[in-house]
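The structure under discussion appears below in the form of structure tokens.
Please treat every number below as a calculation from the coordinates, not as lab data. Only a predicted model underlies this, so the values are computations on that prediction, with no experimental measurement involved. Cβ coordinates were reconstructed from backbone atoms using ideal geometry, including for glycine residues, and neighbour counts include every protein chain displayed.
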Amino acid sequence: MIRKRSVLLKGHATSVSLEEEFWTELKRMAAAEALPLSVFIGRIDEKRAGANLSSALRLAVLADLSSKPR
């Protein structure tokens, strides 16, 4: 199921639609760095190169999960 959430980035609210599983992983990743979710998403937002934010977040989760030993 896709969930739409508002996130504050650079002082402006933006909405992001992601599957619940991606939200779960993003929260885990943010917690691992002791960051609020909005700050963590802001870091990903600053690094994205033209992709929309939802895609950039999915790719960040994929990269994180791919880097873990299986």
*asked:* Please go through segment 37-70 and give me each residue that is out of contact with any helix residue (DSSP H, G or I) (no Cβ under 6 Å at 6 or more places or on another chain) and either loosely packed, with under 11 Cβ neighbours inside 10 Å or assigned to a loop (DSSP other than H, G, I, E, B) (or both), ordered by number.
replied: GLU46, LYS47, ALA49, GLY50, ALA51, ASN52, ALA63, SER66, SER67, LYS68, PRO69, ARG70
*Hey, can you tell me all the residues within segment 1-36 that are in contact with a Ser or Thr (Cβ under 7 Å, 6 or more places away or on another chain), exposed (fewer than 12 other Cβ atoms within 10 Å of the Cβ) and hydrophobic (A, V, I, L, M, F, W, C)?*
ILE2, ALA13
*Where residues in segment 28-53 are within 9 Å of the chain's Cα centre (by Cα) and β-branched (Val, Ile, Thr), which of them is farthest from ALA13 (Cα to Cα)?*
ILE44
